[in-house]
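Below: one structure, written as structure tokens.
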Amino acid sequence: MREMPRAACVQRTHCARKLLRFESVTRFQHYIDSLYCNTNHFAAEYVYKRLRFLGNRNLSQLITLAFLALRHCMWSGCYMIFLNEFLIKLMEKDLESMLLQTEF
């Protein structure tokens, strides 16, 4: 059996630790964090931070997701998945702020 390089082991165990987060999600962002470990790190480091000059967080997120869709996908359904991800996160953030303002 071939031995895995140390970096691959560390990376694999880092993503494996996200299983608990996946099993106990309370927000949509938790799904994203637990499933796309390496992609999230790449997008945050190399794409999202460079879009800071736009001054609009939602626009930066949308452009980052569009970049990832262009980089990873060759079928139109993938673009719809990334668009739905953006819309769900946007709706969840707005809904959370409305619920926090509401008195029960």
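For region 83-104, a residue qualifies if it is exposed (fewer than 10 other Cβ atoms within 10 Å of the Cβ) and of a type in the set (Phe, Trp, Tyr), and exactly one does: Phe104.
Listed by first and then second residue, the pairs with beta-carbon distance under 6 Å, at least 6 apart or on different chains, first residue in region 17-44 and assigned to a helix (DSSP H, G or I), second surrounded by 15 or more Cβ atoms within 10 Å (Cβ to Cβ) and charged (D, E, K, R), are Phe28/Lys89; Ser34/Lys18.
The single residue among Ser97, Ser60 that is part of a helix (DSSP H, G or I), in contact with a Lys or Arg (Cβ under 8 Å, 6 or more places away or on another chain) and not hydrophobic (A, V, I, L, M, F, W, C) turns out to be Ser60.
Within region 77-92, restricting attention to residues that are over 13 Å from the mean Cα position of the chain (by Cα) and not aliphatic (A, V, I, L, M), which residue is farthest from Gln29 (Cα to Cα)? Show your work before the answer.
Narrowing region 77-92 to residues over 13 Å from the mean Cα position of the chain (by Cα): 77-80, 91-92.
Adding the requirement that they be not aliphatic (A, V, I, L, M) leaves 77-79, 92.
Numbers: Gly77: 21, Cys78: 18, Tyr79: 18, Glu92: 9 Å.
Applying the filter and picking the extreme gives Gly77.
Among the residues in region 27-37, are any hydroxyl-bearing (Ser, Thr, Tyr), touching a helix residue (DSSP H, G or I) at 6+ places or on another chain (Cβ under 6 Å) and at pLDDT 85 or above? No: region 27-37 contains no residue that is hydroxyl-bearing (Ser, Thr, Tyr), touching a helix residue (DSSP H, G or I) at 6+ places or on another chain (Cβ under 6 Å) and at pLDDT 85 or above.
Listed by first and then second residue, the pairs with beta-carbon distance under 7 Å, at least 6 apart or on different chains, first residue in region 69-98 and free of Cβ contacts under 8 Å to residues at least 40 places away in the same chain, second of a type in the set (Ser, Thr, Tyr) and surrounded by 13 or more Cβ atoms within 10 Å (Cβ to Cβ), are Ala69/Tyr79; Cys73/Tyr79.
The values are calculated or read from the model by the stated rules, or taken from the named source; none is laboratory data. Since the model is a prediction, treat every value here as computed from it, not as a measurement. Please note: Cβ atoms are built from the backbone with ideal geometry, for glycine as well, and neighbour counts cover all protein chains shown.
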